Each structure stands twice: as C-alpha cells, then as structure tokens.
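The values are calculated or read from the model by the stated rules, or taken from the named source; none is laboratory data. If you're wondering where the values come from, they're calculated on a predicted model, not measured in any experiment. Backbone-built Cβ (ideal geometry, glycine too); neighbour counts: all protein chains shown. These area figures cover heavy atoms from the full protein model, side chains too; ligands, DNA and RNA do not enter into them. Shrake-Rupley method; radii C 1.70, N 1.55, O 1.52, S 1.80 Å.
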Amino acid sequence: MPSHSIGNLSKVYFQDFVLEGFAGGLRTQALLFAVFLALYMVTVLGNLLMIIVITLNARLHSPMYFFLKNLSFVDLCYSSVIAPNALANFFSSSKAITFAGCATQFFFFSLLATTEGFLLGVMAYDRFMAICNPLRYPITMCQSACTRLVLGAYCGGCFNSVVQTSFTFHLPFCSSNRINHFFCDVPPLLQIACGNTAINELLLFGICGLIIVGVTIVILISYGYIIVTILRMRSRAGRRKIFSTCGSHMTAVTLFFGTLFVMYAQPGAIESMEQGKVVSVFYTLVIPMLNPLIYSLRNKDVKEAMRRLGQKHTAM
C-alpha cells in the first residue's frame, strides 16, 4: 500500500476495496445467495426471452417494441454488472475488489442505469406520439429517429457516468478500504473518502436530481396529453387497450424512479446505507426482473408472440 506523511499524520492509500455486503452468519448469507441467484436467473431469462420474441416476430417490429427490446437489453446488462460479483462475494472470505475493478463496475452501472431512465422517457414520448398524433407518428418515429433517440439515451448515460466516475475515483481513499455495500456505488464510496466530498455530493444530487426530475416532467406531460386524448375516445375497447399499454409503462416508471429518488436525489441518502442496500436490491435486481413480466403479462401482442414461439418450439 503506498503511503506518505504530512507532519505527524500518515495516510495510507488503498489499492483494493472490500465489499462488506450484508451482515449475518452463514445461514443468512446462504439465504441471500439463493434470493440473489433466483432474482438474477429470472432477470436473465425474462429479458432474453423478450429480446428473442421481439426480434423473431415481424408483428413486433414497431417503435414501441424497438424501445422495449433496448430496455430489456439494458436491464440484462446492468443487472449483470452487479449480480455475478455479489453472488461470488456471499461465500468469499476476502470479498475484495481492485480499485480498477470497482471503478469499472461503477462506470457501467451508472451508464446503464442512467440510460434506462432516459429510455423510459423516450418510451413515454413514443406513446404520446402514437396516441395523440397518429397521423404524424409513422414519419416522426421512423427507424432513423428511433435509433437516434436510443443513441441519445446512451450518450446521456455515458455523460453522467463519465462525470460521476471521474469525480468519485479522483478522491483519496485513505480512511478505510471497506465499502459498506454489495457493489461499488457513489454514496458508500463517499463515506470512506478522506478528502472534501462537497462537490461530489453536489454533483450526485444535482445531476441525478436533474435527470430524474427532467425525465419525470417529460413523462408527466406526455401522459397528461394521453389521458386527455383517451377521455375523448368513444370506443371502450380502444380505451382499455391504451390504458393497458400505458399502465405497464407507468408501473415500470414509478418503480424505477421511486427507488432512484430514495437513493440518490434526496438529502441524507448518503448516511442511510442500511436502507440504501435494500433499495439497491430493488433497482439492480428486482426491477430488471419485473420489467419483462410487467410488459408481457399486460400486452396481448407479446403474449401471442410468446405463445406462437412456444408452439414452434414444441412442434420441432
């Protein structure tokens, strides 16, 4: 471990971190391992199935399902950034992660989580255009426009990730190398930094808060117009179909942004790490697992595509 002295003070700069994870004995760790493994397996299978079904079924080659396929891909990737390492650490004696490994994990987690937030906003805009401006929809939401919107979501996620990662990992970590969490995240890292973290906290609350509030405003405005349009419809069947589709999206939005707000965009979030661990399980594993279920169980087109895929597989 490299060190240097300032007067009578000696500071040690750690090259490795220790992810403390969850407290408890062997039984507790075994139970948590089983829960994490089950959640991750369902997440992988569910999101892979959504990607395969949307890719293979020509009826689902529309902007809405293009965005949904990208959402499933992001969910699959960002849960995979966290879960395998967390599973390995449940029965590890050292629970160590290198400085570079920690920075890499945090970079991709931040990139993919932020991208998911932007994608949810894009999906709300897509529903607004489809329901409120159906005549302009094929032109406005053409393939090139959809691709640009998805790329924009990734660029926004990359910007936030670069800023958060560079500012966080330029801090001196000399007071401790024990991270009170099951993965590398900003709040627990700021707790063990021995430098001034005021700018980091401002960036965390400022950028994350701006993203959450900005995307939420886009979603609320989009659904405000959608609700007005639905109320003007005479067809009950049309209303029911739109409410089913939009209800699925609003459920996903509420779960995702609700947990992110609790963790990142409120004062005092950094100090409440025990609560933060539980909240983190929701947005790293539970929500990526639930999204395919939310969108498939309430969507007749997806259920029909899955049924046909199952029939083809049985017939082979």
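Below are the figures for this structure:
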| read-out | value |
| --- | --- |
| Of all residues in region 74-101 being farther than 15 Å from Asp16 by Cβ and touching an Asp or Glu at 6+ places or on another chain (Cβ under 8 Å), the one that is surrounded by the most Cβ atoms within 10 Å (Cβ to Cβ) | Asp75 |
| Residues satisfying the stated conditions in region 190-208, i.e. within 21 Å of the chain's Cα centre (by Cα) and not in a helix (DSSP H, G or I) | none |
| Which numbered condition Thr197 fails, given (1) farther than 16 Å from Phe107 by Cβ; (2) open to solvent by 30 Å² or more (accessible area, probe 1.4 Å); (3) not aromatic (Phe, Trp, Tyr) | (2) |
| Single condition Tyr225 does not satisfy, out of (1) under 25 Å from the mean Cα position of the chain (by Cα); (2) assigned to a helix (DSSP H, G or I); (3) of a type in the set (Phe, Trp, Tyr) | (1) |
| Scan of region 200-236 for residues that are closer than 30 Å to Phe22 by Cα and surrounded by fewer than 14 Cβ atoms within 10 Å (Cβ to Cβ), ordered by number | Leu202, Gly206 |
| Restricting region 70-104 to residues that are among the hydroxyl-bearing types (Ser, Thr, Tyr) and either assigned to a helix (DSSP H, G or I) or at positive phi (or both), the residue that is modelled with the lowest pLDDT | Tyr78 |
| Selection within region 44-63 - more than 19 Å from the chain's Cα centre (by Cα) and open to solvent by less than 60 Å² (accessible area, probe 1.4 Å) | Val53, Ile54, Asn57, Leu60, Ser62, Pro63 |
| Members of region 270-304 found to be at pLDDT 70 or above, farther than 19 Å from Thr114 by Cα, hydrophobic (A, V, I, L, M, F, W, C) and open to solvent by less than 60 Å² (accessible area, probe 1.4 Å), listed by number | Ile294, Val302 |
| Any chance Leu71 is in contact (Cβ under 8 Å) with a residue 40 or more places away in the chain and surrounded by fewer than 18 Cβ atoms within 10 Å (Cβ to Cβ) | no |
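Residue-wise test of (1) assigned to a helix (DSSP H, G or I); (2) of a type in the set (A, V, I, L, M, F, W, C); (3) open to solvent by 60 Å² or more (accessible area, probe 1.4 Å); (4) closer than 29 Å to Gly206 by Cα.
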| position | (1), (2), (3), (4) |
| --- | --- |
| Ala124 | yes, yes, no, yes |
| Met129 | yes, yes, no, no |
| Pro134 | no, no, yes, no |
| Leu149 | yes, yes, no, yes |
| Gly152 | yes, no, no, yes |
| Gly156 | yes, no, no, yes |
| Asn160 | yes, no, no, yes |
| His170 | no, no, yes, yes |
| Phe173 | no, yes, no, yes |
